[in-house]
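Have a look at the structure below before the remarks.
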Amino acid sequence: MAVPMKFLAEELETMKQSGLYGTIRTLEGPQGAWVVIGGKKYLNLCSNNYLGLCNDPRVVSKVKDYVDRYGVGPGAVRTIAGTMTPHIELEKKLAAFKGAEAAIVLQSGFCANLAVIPTLASSADDLIFSDSLNHASIIDACRLSKAKVVRYEHSDMADLEKKLQENEAPGGKKLLITDGVFSMDGDVAKLPAIVRLCERHNVIVAVDDAHGEGVLGKGGRGIVDHFDLHGKVDVEIGTMSKAFGVMGGMVAGSAILVDYLRQKARTNLFSSALTIPDVAANLAAVEILQESDDLVNRLWHNGDTLKRDLKAAGFDTGNSETPITPVIIGEAQAAKDFSAKLFERGVFATAIVFPTVPRGTARIRAMVSAAHKDSDLQFAVEQFVAVGREMGIIR
Ligand SMILES: *Cc1c(COP(=O)(O)O)cnc(C)c1O
């Protein structure tokens with residue numbers, strides 16, 4: 001390889017030696033409770049397909065219908081020629097579902113954070129208060145803003161209050177951004193306290209509800225509904241690539257906020273619109289959620305069952321308050337070995353290591369979905385227990 005490119009191979013080798021090089025598996029069939037990898041079936045415990053909608057026949061048939069009527073590609077960014085009837089239909093449905101005045105759809109949750117954060121906090125006088133465990137897309141969006149970023153300790157309201165007081169001096173705009181559900185631990189942001197503090201200090205509140213959408217609140221309406229904070233959270237950011245089982249991001253809030261983002265957000269202005277298959281599938285997902293909360297209830301039942309049984313077996317499942325079930329192992333290599341042994345036993349659950357989680361807290365993050373049966377969960381627990389004993393992690 002050319003000399004200037006040599007660092008690539010060197011860094012990859014370092015990653016391999018420290019257990020940070022990830023194995024990327026290929027699914028040979030649909031995303032579901034069980035998946036096919038290398039021609040074999042595995043119990044799937046690591047997708048974000050919370051409600052099992054990735055392959056739902058109602059979703060698939062809506063996609064076929066819309067593709068027949070509208071084709072596939074939007075052909076442009078939203079602001080030039082890429083806004084089509086289905087985009088508007090989806091935005092109206094999402095706003096109604098979330099109980100917000102309006103919503104805008106973006107290409108992904110990542111793009112939604114890029115749409116909100118640098119757009120609302122854009123100048124060097126502005127301040128962003130950010131939870132120390134916020135998602136990478138929030139961190140990158142903060143980097144794209146010229147604002148000063150003030151990190152507060154994870155969910156530590158005393159530290160947040162201190163940081164708000166230290167930065168009391170009037171300057172530019174102030175924005176607080178937090179994950180709603182912290183994706184690697186499954187704990188929920190203390191949103192009522194955050195809202196109270198931000199009201200007192202005149203700070204805009206934005207929550208990224210990627211793992212709360214379709215999971216928390218009435219019928220999966222999200223964290224704002226969960227805490228009954230309608231009208232008190234200025235910006236709700238969400239993704240449709242998790243519980244909705246598709247792809248796409250959204251921002252819900254006031255009509256003025258959405259109008260502003262449509263005109264100013266760079267991911268809306270300079271990246272093409274979401275495709276018709278995505279939009280149609282998302283429409284079907286919202287309709288399913290609006291009709292019934294069965295899937296959401298089933299998801300919670302499954303999450304509670306798995307957590308209870310793994311904890312009873314002696315595993316450290318952290319402080320999750322949601323169906324996300326972390327099984328903390330410690331060192332990256334041990335977590336990788338654990339995952340490999342589970343895989344040999346027919347369970348697909350990837351290890352999550354640094355930089356996704358802090359060093360020393362590598363884990364298997366078990367993700368259940370509404371599509372899992374009780375017998376699937378029982379099978380999972382049996383394999384976790386067998387590997388845990390073999391590796392001396394539990395007795
Ligand atoms: C997954 C996730 C995202 C990214 O969503 P995509 O739609 O996959 O781009 C953003 N924020 C948080 C908190 C997430 O967990």
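The values are calculated or read from the model by the stated rules, or taken from the named source; none is laboratory data. As the structure is a prediction and not an experimental result, all values here were calculated from the model. Note that we place each Cβ from the backbone using ideal geometry, even for glycine, and neighbour counts take in every protein chain shown. With ligands, DNA and RNA removed, areas are computed over all heavy atoms of the protein, side chains included. Shrake-Rupley method; radii C 1.70, N 1.55, O 1.52, S 1.80 Å.
Per-structure values
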| quantity | calculated |
| --- | --- |
| Index of the failed condition, VAL224 passing every other in (1) under 30 Å from ALA351 (Cα atoms); (2) open to solvent by less than 40 Å² (accessible area, probe 1.4 Å) | (1) |
| Exclusive hit being within 23 Å of the chain's Cα centre (by Cα), touching a residue at least 60 places away in the same chain (Cβ under 8 Å), within 16 Å of the ligand (Cβ to nearest atom) and on the phi < 0 side of the Ramachandran plot, set HIS154, HIS135 | HIS135 |
| Selection status of LYS218, more than 16 Å from the ligand (Cβ to nearest atom), of a type in the set (D, E, K, R) and assigned by TED's automatic domain parsing to the domain that holds PRO118 | yes |
| Count of the range 284-335 residues which are part of a loop (DSSP other than H, G, I, E, B), modelled with pLDDT of 95 or more and of a type in the set (D, E, K, R) | 3 |
| The range 180-194: number of residues that are open to solvent by 10 Å² or more (accessible area, probe 1.4 Å) and of a type outside the set (Gly, Ala, Ser) | 6 |
| Selected residue (only one of HIS201, HIS211 is at pLDDT 95 or above and within 16 Å of the ligand (Cβ to nearest atom)) | HIS211 |
| One residue from ALA121, ALA112 being open to solvent by less than 10 Å² (accessible area, probe 1.4 Å), modelled with pLDDT of 95 or more, among the small types (Gly, Ala, Ser) and within 10 Å of the ligand (Cβ to nearest atom) | ALA112 |
| Residues (open to solvent by 80 Å² or more (accessible area, probe 1.4 Å) and hydrophobic (A, V, I, L, M, F, W, C)) located in the range 286-321 | ALA312 |
| Residue match in the range 259-276 (condition: more than 16 Å from the ligand (Cβ to nearest atom), within 22 Å of ARG69 (Cα to Cα) and open to solvent by less than 50 Å² (accessible area, probe 1.4 Å)) | yes |
| Close pairs (9 angstrom Cβ cut-off, 6 or more residues apart or separate chains): hydrophobic (A, V, I, L, M, F, W, C) in the range 1-19, in a loop (DSSP other than H, G, I, E, B) anywhere | LEU8/MET1; ALA9/MET1; LEU12/TYR21; MET15/TYR21; MET15/GLY22 |
| Which numbered condition LYS92 misses (of (1) outside the structural domain of VAL203 (by TED's automatic domain parsing); (2) open to solvent by 40 Å² or more (accessible area, probe 1.4 Å); (3) not β-branched (Val, Ile, Thr)) | (1) |
| From ALA141, ALA158, ALA169, residue being surrounded by fewer than 14 Cβ atoms within 10 Å (Cβ to Cβ) and within 25 Å of PRO358 (Cα to Cα) | ALA158 |
